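Right, I'll just put the structure down here and ask away after.
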Amino acid sequence: MKIRVENPKNSKKTMMLCGFVLEDSDKVLGLEKVDAKIISSLKQSIKDMGGMFGKIVFIPSEGKTSRMLLAGLGKKENFTNDTIRFVSGKIAQKARELKLREFSIIVPPSSIVEPISAVSQIVEGCKMSLYKFEKYKSKKENIIPDLTILVSKSEKISKMIKTSDIISDGVLFTKDIANLPPNDCTPTTLANVSKILSKKNRMKCSIISKKELEKKGFGGIVAVGQGSKNEPKLIILEHRMGSRNEKPIVLVGKAVTFDTGGISLKPGEKMDEMKFDKCGGCTVIGIMKAVSELKLPINIVGIIPSVENMPGGESYRPGDIIKLYSGKTAEILNTDAEGRIILSDALSFGEKQYSPKAIIDFATLTGACIIALGTNVAGIISNDEKLTQKIKESSKRTTEEIWELPLNNDYMDMIKSDVADMKNVGIGRAAGTITAAAFLRNAIKDTPWVHIDIAGVAWTQVATKDKPYNPKGATGFGVRLILDYLQNI
Ligand code: BES
Ligand code: ZN
Ligand code: ZN
């Protein structure tokens, strides 16, 4: 999708001129600057459409366009940082449905919404909403129209468009790898994707293979990975554009390319969705792509433990006691609680190897998180209030919603084992999301850490709120959130 900016006054003729309308208003916001002559003829149509949030009405027009699209924003007092993104997505999908080559969106005046924020939401909303996963379709149908943004040109605006373009590409990249089927996406595939990305974007990429993992003491990743003929990999991507001795931020993402549950086999229903159990890792890869393209002047390390969790003669079993990278031992009581095991190794390694300022991890970790928070809000658990606050502020801006759960010593006690340092499940189903985080907490010493459980939000599920920019499949949740955090350090 090509994105251009034009000054409203001397904008060219467009195939479809799109403008926003507030509820119960008879004005298209900002239209007077684009084409004052057509305003009076539109008044009645605008009144009739009513400007309700998300409503899209198409009308014939004249002047600078033969088609006009009115897009309702609802009441101004109900605006969120998602309003323009959501409605822009609807506009873009309409343009695609009409098979247009291009369309233009008028940015509302600054009295209604900050132009910089509006422009970023327009870019993100349009790009993300026009995504389709077509890799395995014999006939590709997705033709993406180009976008012109009508707003007073400035350096700030151009910069924001470029930034939002890169961030959206990061989200789309995450969706593209997360949507891959498990027969075509093994740990080796993710390692290769990362290698190719690192060459293109000038990052360092290291892949630790099974033999090395065994030698170096990654007992968790090795145990979970041993049941599959697709060998485990630990993928490390490094972006270093900060000063030499500045400590990095470490991002860790769970990448189980398929989670059958292992010997503690999952029921058959919806097991296919466990191809999305790699979403945490894909989120980290998408973030690393974007930070390298944004050339952020900081040091960031992405660590992705990747395995396939399969049942078989070589699989790890309930009853096994394994030794993690931290040196602690874990009693396996359920081989389906595999995410915490591979993440534990990656977190300990990240802390020991890089002495980071902060560690943030993403994981489709627990079904319990869906029971607690549903499919539109991710769970976060942390050992550091300041870091949590920063992530919450980013969440407010990007509208990727998160909610904090507690982690005190009583929860830590719930994963104590009779025969090892800890066990990989809690007590029954009580506080399943927190006891999983308690296991992770044991992997790190004192580094500020936030864990983000994306089990409910990483892909669209039955109860997922319908949003134009989240078409069916992987959502790329967390990419925009953490890029906002990283840009504001
Ligand atoms: N990948 C799953 C968690 C999951 C389930 C994410 C459904 C999204 C949708 C994870 O590996 C798992 O199976 N966790 C178990 C833990 C339990 C055995 C303690 C769970 O949540 O049931
Ligand atoms: Zn599992
Ligand atoms: Zn899993």
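The values are calculated or read from the model by the stated rules, or taken from the named source; none is laboratory data. Here the structure is a predicted model, which is why all the values come from computation and not from measurement. Methodologically, a virtual Cβ is constructed for each residue, glycine included, from the backbone with ideal geometry; neighbour enumeration extends over all protein chains shown. With ligands, DNA and RNA removed, areas are computed over all heavy atoms of the protein, side chains included. Shrake-Rupley method; radii C 1.70, N 1.55, O 1.52, S 1.80 Å.
If I stretch the segment between Lys211 and Lys445 completely, what's the gain in nm (0.36 nm per residue apart, minus their alpha carbon distance), one decimal? All intermediate terms of the calculation are to be shown ahead of the outcome.
Numbers: separation 234, 0.36 × 234 = 84.24 nm, distance 2.67 nm.
Fully extending the segment from Lys211 to Lys445 adds 81.6 nm.
One-quarter of the Cα convex hull surface for region 349-418, in nm²?
Answer in nm², one decimal: 6.5.
How big is region 350-489 in terms of Cα radius of gyration and Dmax, in angstroms?
15.5, 50
Have a look at Thr260, Ile434, Thr447 and report the one farthest towards the positive end of the charge dipole of region 171-487, computed about the Cα centre with Cβ charges (Lys/Arg +1, Asp/Glu -1).
Of Thr260, Ile434, Thr447, it is Thr447.
Sort the following peptides by mean Cβ neighbour count (other Cβ atoms within 10 Å, averaged over residues), highest first: 255-263, 39-47. All intermediate terms of the calculation are to be shown ahead of the outcome.
Working: 255-263: 25.2, 39-47: 14.9.
In descending order of packing, they fall as 255-263, 39-47.
Which whole-number percent gives the relative contact order of region 3-150, counting Cα pairs below 8 Å spaced six or more residues apart? Write down the numbers at each step before the final one.
Values: 290 pairs, mean separation 43.8, N = 148.
Rounded, it is 30 percent for region 3-150.
Could you grab the relative contact order for the chain? Cα pairs under 8 Å, six or more apart, rounded to a whole percent. Could you put the intermediate results ahead of the total?
Working: 1140 pairs, mean separation 71.1, N = 489.
Averaging sequence separation for qualifying contacts and normalising by length gives 15 percent for the chain.
Follow-up question, since we're still on this one. I'd like to know which of Gly286, Thr65, Met414 lies farthest towards the positive end of the charge dipole of the chain, counting +1 on Cβ of Lys and Arg and -1 on Cβ of Asp and Glu.
Toward the positive end, the furthest listed residue is Thr65.
Between 0 and 90 degrees, rounded to the nearest ten: what's the tilt of helix 83-97 against the longest Cα principal axis of the chain?
Around 70 degrees separate the two axes.
Let me ask another. Would you compute, from DSSP H runs of 4+ residues alone, the mean residue ellipticity of the chain at 222 nm, taking -39500 (n - 2.57) per run and dividing by the full residue count, rounded to the nearest 500? Spell out each step's value before the answer.
On the way: 15 runs with 175 residues, N = 489.
Counting only the DSSP helices, I get -11000 deg cm²/dmol.
Specify which residue in the list Ser315, Phe53, Trp459 is farthest towards the positive end of the charge dipole of the chain, using unit charges on the beta carbon of Lys, Arg (+1) and Asp, Glu (-1), about the Cα centre.
Positive-most Cα among the choices belongs to Phe53.
If I fit a long axis through the Cα atoms of helix 187-201 and take the longest principal axis of the Cα atoms of the chain, what angle between them do I get, 0 to 90°, rounded to 10?
50 degrees
Explain nothing, just the number: dipole magnitude of the chain about its Cα centre with +1 on each Lys and Arg Cβ and -1 on each Asp and Glu Cβ, in debye rounded to the nearest 20. Walk me through the numbers before you get to the answer.
Values: 73 positive and 56 negative charges, 404 e Å.
My answer is approximately 1940 debye.
For the chain, take the longest principal axis of its alpha carbons; what is the angle in degrees between that and the long axis of helix 385-398, to the nearest 10 within 0 to 90?
Taking Cα atoms only, the helix is inclined about 30 degrees.
Here's a follow-up. Determine, from the Cβ-Cβ distance of Lys392 and Glu62 and an R0 of 45 Å, the FRET efficiency 1/(1 + (r/R0)^6), rounded to the nearest 0.05. Working shown, then result.
Numbers: r = 48 Å, r/R0 = 1.07.
E(calc), rounded to 0.05, equals 0.40.
Now, a different point. In percent, how large is the relative contact order of region 1-58, given Cα pairs closer than 8 Å and 6 or more residues apart? Provide the component values of the computation, followed by the final result.
Working: 46 pairs, mean separation 19.1, N = 58.
Relative CO of region 1-58 lands at 33 percent.
Under 5 Å between amide hydrogens, which residues at least 5 positions from Asn424 or on another chain qualify, with H placed 1.01 Å from N in the peptide plane?
Correct list: Glu331, Leu333, Asn334.
Could I ask something else about it? Principal axis lengths of region 243-325 from Cα atoms, whole Å, largest first?
Result for region 243-325: principal-axis Cα extents of 48, 31, 14 Å.
Treating only the Cβ atoms of Lys and Arg (+1) and Asp and Glu (-1) as charged, compute the dipole magnitude of region 3-150 about its Cα centre; round to the nearest 20 debye.
On the way: 26 positive and 17 negative charges, 127 e Å.
For region 3-150, the charge dipole is close to 620 debye.
Quickly rank 269-276, 328-335 as a protection proxy: mean count of other C-beta atoms within 10 Å, highest first. Walk me through the numbers before you get to the answer.
On the way: 269-276: 15.1, 328-335: 20.2.
The most tightly packed comes first, giving 328-335, 269-276.
Per Stokes-Einstein, at 25 °C and 0.890 mPa s, what whole-number D in µm² s⁻¹ belongs to region 3-150, with the Kirkwood radius over Cα pairs as the hydrodynamic radius? Don't jump to the answer; show the numbers that get you there.
On the way: Rh = 15.3 Å.
Here the translational diffusion coefficient equals 160 µm²/s.
Here's another thing I want to ask about it. Tell me the carbon and sulfur percent of the accessible area for region 3-150, rounded to whole percent, probe radius 1.4 Å.
Details: 3510 of 6920 Å².
Percent of accessible area from carbon and sulfur atoms in region 3-150: 51.
Let me ask something else about it. Starting from the 7 Å offset along Cα-to-Cβ, what nm value, one decimal, do you get for the label separation of Lys135 and Lys33?
About 4.1 nm separates the two model spin labels.
Report, to one decimal in Å, the Kirkwood hydrodynamic radius for the chain based on all distinct Cα pairs. All intermediate terms of the calculation are to be shown ahead of the outcome.
On the way: mean 1/r = 0.0425 Å⁻¹.
Its Kirkwood hydrodynamic radius stands at 23.5 Å.
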